[in-house]
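Take a look at the structure set out below.
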Amino acid sequence: MIADTLKSLIFATTLALATTAGAQNRTVAEALQAKQQGQPVAAQHWMVSAANPLAVQAGADILAKGGTAADAMVAVQTVLGLVEPQSSGLGGGAFLVWYDAATATLTTLDGRETAPLAATPRLFQDDAGQPLDFFAAVVGGRSVGVPATPALMQEAHRRWGKSAWADLLTPARRLATNGFEVSERLAKSIAWDADRLARARDTATYFLPDGQPLPAGVLLKNPAYAATLADMAREGADIFYAGPLAFQIVERVQTANNPGKLSLFDLAIYRVKERPAVCISYHGNDVCGMGPPSSGAVAVGQILKTVEGFPLATLGPDNAQSWRLIGDASRLAFADRARYLADSDFVPVPVQGLLNNAYIATRGALLNRTTALPETRAGEPEYDHGMNQADDISLELPSTSHISIIDSFGNALSMTTTVENLFGSRLMVGGFVLNNELTDFSFASHRDGRPIANRVEPGKRPRSSMSPTIVLRNGKPVLVIGSPGGSRIIGYVAQTIIAHLDWGMDIQAAISMPRLVNRGGTFELENTAFGTEMAPKLEAIGYTVQLGKIASGLHGIAIGDELTGGADPRREGIVIGQ
Ligand code: GLY
């Protein structure tokens with residue numbers, strides 16, 4: 001007993017010294033303790049924040065050995081795909097924002113899944129042309145787009161990596177071979193989804209051995225995943241796009257219940273795309289993120305630009321007027337998103353028009369009042385040619401994961417990664433789950449005779465809400481942030497940026513603060529004392545409110561004299577830095 005007390009005293013003293021110095025490499029235990037205390041982690045040289053301690057440790061080990069943020073991301077992502085398979089992995093897709101310190105440039109890479117060439121706008125409709133029930137569309141092969149995360153990891157490593165590719169896969173290979181403890185969150189996800197996981201044989205065998213959901217704490221091995229990583233270590237990510245693994249993916253999708261149309265040709269022609277970063281200026285900062293096919297940077301940018309002229313900093317987070325401004329700016333952004341945002345390789349998207357000062361001024365002028373806007377509609381931004389589109393019907397449920405990394409060279413990486421729904425399509429190949437990303441398309445293709453921008457089309461990428469963001473000041477990164485959460489991601493990221501930049505919260509406090517999100521209808525408030533207090537105030541000014549559980553999963557790093565990192569207390573993630 002005395003020995004235990006002594007041990008915790010020594011531990012606490014070590015931690016206190018590490019916190020004061022702000023320059024110690026934190027172990028997982030130290031990082032967990034910092035998280036419990038709600039403190040940001042401080043460091044000088046490098047930092048990684050992501051959704052699972054094993055994944056963060058893998059990334060930290062690479063950074064400590066002089067690897068780049070791109071190297072560390074490969075280690076983090078491959079471990080996440082093993083220990084948090086409900087959210088992201090090799091069968092999914094991701095968007096990556098990269099700040100390159102050597103050239104002071106920002107690059108965004110689109111690793112989004114694509115629809116098969118055989119897909120039609122009626123992919124998610126029944127014989128009468130009516131939208132399918134969501135889960136009838138999701139579970140099985142129909143919803144599976146070309147897996148893109150392997151190609152994205154390889155492309156990021158090719159551009160910015162320094163470490164040997166095979167070494168980056170070793171932590172995940174080792175864990176898959178030797179086993180890892182099933183986390184509380186994974187166990188809960190399996191139990192919650194057991195009926196759907198039971199529908200595909202390999203998936204059921206892995207997650208429901210003897211027909212029972214895996215409990216937390218049990219040691220789980222994934223030899224198939226280890227074998228996939230061994231092949232990938234030797235031959236690169238190309239194994240996903242041609243050869244036996246590609247064949248297995250296609251076969252699994254085409255022969256599943258609710259089969260899909262993915263072909264070997266679809267896999268063979270997949271390419272990661274570099275896209276122009278979408279940046280807006282906000283109170284002297286440049287807030288930069290992922291453009292179409294993500295709606296993330298446009299919507300986050302519209303929200304920030306719309307509230308920029310209002311005194312949010314003075315009003316503060318306790319004033320319902322702050323939330324009215326943020327909430328209604330968000331409703332306006334979501335109205336535009338529904339009308340205009342989709343894959344810009346297929347549909348002209350007025351990105352500049354939606355963000356230009358004159359247009360934003362017309363939207364901001366609508367907020368010059370003290371009560372909720374009675375209704376919000378898409379605006380009419382400048383277009384380079386005429387369009388006649390209808391608002392979409394898309395349902396995005398929260399899953400996904402976010403990774404933020406700064407390396408010792410000063411590079412910054414913000415990557416949001418997903419298999420879309422919990423465990424994606426529920427199909428497994430090679431030890432990983434295949435995405436259901438295609439259900440991020442609008443199920444309806446037309447409304448009142450007008451086409452919907454985000455309708456399914458062959459080879460198109462479904463619209464996303466993922467908002468991996470890097471905020472720059474004077475050309476240098478000051479904040480790396482992003483979150484899972486389906487279409488709520490946009491609100492989570494905008495709120496966290498405002499909390500940090502306008503309300504002066506440290507990164508952990510900004511991430512931890514209660515969430516308030518308005519995507520166009522009900523004002524959703526996280527069920528906390530703050531939410532309970534704010535709800536009647538928002539009702540009094542005209543909103544319908546709903547208190548409930550809100551599962552953001554923000555991971556962020558602020559860059560000032562030192563690095564400070566935060567991990568969302570709603571998820572299992574931690575921050576390690578040195
Ligand atoms: N599937 C989540 C997103 O792309 O926003």
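The values are calculated or read from the model by the stated rules, or taken from the named source; none is laboratory data. None of the values given here were measured: they were computed from a predicted structure. For neighbour counting, all protein chains shown are included, and Cβ atoms are generated from backbone atoms with ideal geometry for every residue, glycine included. Just the protein is used for accessible areas: all its heavy atoms, side chains included, with ligands, DNA and RNA removed. Shrake-Rupley method; radii C 1.70, N 1.55, O 1.52, S 1.80 Å.
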Please work out if S483 is in contact (Cβ under 8 Å) with a residue 24 or more places away in the chain, within 21 Å of L96 (Cα to Cα) and assigned to a helix (DSSP H, G or I). no
Residues that are among the small types (G, A, S) and open to solvent by 10 Å² or more (accessible area, probe 1.4 Å), drawn from the stretch 445-478: S445, G449, G459, G475
The conditions are (1) within 23 Å of the chain's Cα centre (by Cα); (2) under 30 Å from L516 (Cβ atoms); (3) at pLDDT 95 or above, and A361 fails exactly one of them. Which is it? (1)
Just for helices (runs of 4 or more DSSP H) wholly inside the stretch 1-107: which have at least 1 residues that are out of contact with any Pro (no Cβ under 9 Å at 6 or more places or on another chain) and modelled with pLDDT of 95 or more? 53-64, 69-83
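Residues being more than 14 Å from the ligand (Cβ to nearest atom) and open to solvent by less than 10 Å² (accessible area, probe 1.4 Å): count how many of those fall in the stretch 100-114.
So the first thing to find is which residues in the stretch 100-114 are more than 14 Å from the ligand (Cβ to nearest atom), and the list is 100-109.
Still in the running and open to solvent by less than 10 Å² (accessible area, probe 1.4 Å): 108-109.
Summing the residues that are more than 14 Å from the ligand (Cβ to nearest atom) and open to solvent by less than 10 Å² (accessible area, probe 1.4 Å) in the stretch 100-114 gives 2.
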Among the residues of the stretch 276-291, what is the count of those that are open to solvent by 10 Å² or more (accessible area, probe 1.4 Å) and within 15 Å of the ligand (Cβ to nearest atom)? 0
The listed residue being buried (at least 24 other Cβ atoms within 10 Å of the Cβ) and either in contact with a strand residue (DSSP E or B) (Cβ under 9 Å, 6 or more places away or on another chain) or modelled with pLDDT of 95 or more (or both), out of L304, L315: L304
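Consider the stretch 137-175. How many of its residues are in a loop (DSSP other than H, G, I, E, B), open to solvent by 10 Å² or more (accessible area, probe 1.4 Å) and of a type in the set (G, A, S)?
Residues of the stretch 137-175 that are in a loop (DSSP other than H, G, I, E, B), as a first pass: 139-148, 161-164.
Of the ones still in play, those that are also open to solvent by 10 Å² or more (accessible area, probe 1.4 Å) are 139, 142, 161-164.
Cutting the leftovers down to of a type in the set (G, A, S) gives us 161, 163-164.
Total meeting the criteria: 3.
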Filter the stretch 210-220 for residues that are assigned to a loop (DSSP other than H, G, I, E, B), open to solvent by less than 60 Å² (accessible area, probe 1.4 Å) and under 23 Å from R426 (Cβ atoms) and give the result. P213, L214, A216, V218
Which pairs do you get when a residue that is of a type in the set (D, E, K, R), found in the stretch 526-550, comes within reach of a residue that is part of a helix (DSSP H, G or I), reach meaning Cβ atoms under 8 angstrom, with the pair 6+ apart or on two chains? K537/A320
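Residue under question is F409, and the condition is that it be open to solvent by 10 Å² or more (accessible area, probe 1.4 Å) and within 22 Å of M73 (Cα to Cα); does it hold?
yes
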Looking across the stretch 243-257 at residues that are under 15 Å from G431 (Cβ atoms) and within 28 Å of the chain's Cα centre (by Cα), the single one that is surrounded by the fewest Cβ atoms within 10 Å (Cβ to Cβ) is Q248
Which ones in the stretch 478-511 are farther than 18 Å from M47 by Cβ and hydroxyl-bearing (S, T, Y)? S487, Y492
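Taking the options A494, A453, name whichever one is farther than 25 Å from F346 by Cβ and away from the ligand (no atom under 11 Å from the Cβ). So that I can check it myself, show each step before the final result.
On the way: A453 fails: farther than 25 Å from F346 by Cβ.
Selected residue: A494, the only one of A494, A453 that is farther than 25 Å from F346 by Cβ and away from the ligand (no atom under 11 Å from the Cβ).
Rundown of residues vs (1) crowded, with 20+ Cβ neighbours inside 10 Å; (2) part of a strand (DSSP E or B), yes/no style:
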| residue | (1), (2) |
| --- | --- |
| F530 | no, no |
| L538 | yes, no |
| S552 | yes, no |
| I557 | yes, yes |
| T564 | yes, yes |
| R571 | yes, no |
Expected output for the stretch 417-446 (first residue in contact (Cβ under 8 Å) with a residue 60 or more places away in the chain and under 14 Å from L262 (Cα atoms), partner away from the ligand (no atom under 14 Å from the Cβ) and of a type in the set (F, W, Y), Cβ below 9 Å, 6+ apart or cross-chain) is L438/F124
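Hey, among R173, R112, R185, R158, which residue is charged (D, E, K, R), touching a helix residue (DSSP H, G or I) at 6+ places or on another chain (Cβ under 7 Å) and within 23 Å of T416 (Cα to Cα)?
Numbers: R112 fails: touching a helix residue (DSSP H, G or I) at 6+ places or on another chain (Cβ under 7 Å); R185 fails: touching a helix residue (DSSP H, G or I) at 6+ places or on another chain (Cβ under 7 Å); R158 fails: touching a helix residue (DSSP H, G or I) at 6+ places or on another chain (Cβ under 7 Å).
From the options R173, R112, R185, R158, the qualifying one is R173.
Select, from V429, V433, the only residue that is more than 16 Å from the ligand (Cβ to nearest atom), closer than 28 Å to V83 by Cβ and open to solvent by less than 40 Å² (accessible area, probe 1.4 Å). So that I can check it myself, show each step before the final result.
Details: V433 fails: more than 16 Å from the ligand (Cβ to nearest atom).
Step by step, each of V429, V433 is checked, and only V429 is more than 16 Å from the ligand (Cβ to nearest atom), closer than 28 Å to V83 by Cβ and open to solvent by less than 40 Å² (accessible area, probe 1.4 Å).
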Conditions (1) touching a residue at least 60 places away in the same chain (Cβ under 8 Å); (2) farther than 16 Å from Q154 by Cα -> A69 fails only (2)
Among the candidates L106, L82, which residue alone is closer than 24 Å to R571 by Cβ and touching a Leu at 6+ places or on another chain (Cβ under 8 Å)? L82
